[in-house]
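Colleague: Take a look at this one; I'll ask things after.
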Amino acid sequence: MTELSQSITLLLSSIAVEEMALAHIVNGEAEKIQYVLGTLQPSLFQPEDVSVDNLLAINDSVQRIMEDVLLREVMLQMKLSNIIIALEKNSTRTHRT
């Protein structure tokens with residue numbers, strides 16, 4: 001395996017690991033909402049036990065986390081695009097020589 005191939009493999013692996021971590025974060029936020037709404041079993045809360053203020057606080061928290069996740073997704077997309085561009089440039093150089 002060439003040095004370039006190893007580098008590309010490591011970069012793609014790092015993207016995959018970050019994507020998996022983001023998926024876990026999103027799942028955790030979904031479970032947070034389900035827990036508060038009483039739809040995640042077992043739950044200590046019943047929907048009638050949760051105040052509007054609690055729901056708004058949870059919503060704000062989840063929204064901030066999801067905004068961070070979205071920004072990281074954009075960064076990962078840019079990273080992947082840069083890898084693809086580098087591969088295309090390398091492929092063009094290889095075919096010319």
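The values are calculated or read from the model by the stated rules, or taken from the named source; none is laboratory data. Quick caveat, the model's predicted, so the values are computed rather than measured. Every residue, glycine as well, gets a Cβ built from its backbone with ideal geometry; the counts of neighbours run over all protein chains shown.
Colleague: Every residue in segment 67-86 that is aliphatic (A, V, I, L, M) and exposed (fewer than 13 other Cβ atoms within 10 Å of the Cβ), please.
Modeller: Correct list: Leu70, Leu71, Val74, Met75, Met78, Ile84, Ile85.
Colleague: Taking the condition of being surrounded by 12 or more Cβ atoms within 10 Å (Cβ to Cβ) and not hydroxyl-bearing (Ser, Thr, Tyr), how many residues in segment 57-66 meet it?
Modeller: 6
Colleague: Here is a further query. Exactly one condition in (1) modelled with pLDDT under 95; (2) of a type in the set (A, V, I, L, M, F, W, C); (3) touching a helix residue (DSSP H, G or I) at 6+ places or on another chain (Cβ under 6 Å) is false for Leu44; which is it?
Modeller: For Leu44, the failing item is (3).
Colleague: All but one of (1) assigned to a helix (DSSP H, G or I); (2) free of Cβ contacts under 8 Å to residues at least 24 places away in the same chain; (3) out of contact with any Phe, Trp or Tyr (no Cβ under 8 Å at 6 or more places or on another chain) hold for Lys79; which doesn't?
Modeller: Failing condition for Lys79: (2).
Colleague: Which of (1) at positive phi; (2) without any contact (Cβ under 8 Å) to a residue 12 or more places away in the chain does Gly38 not meet, given it meets every other one?
Modeller: (2)
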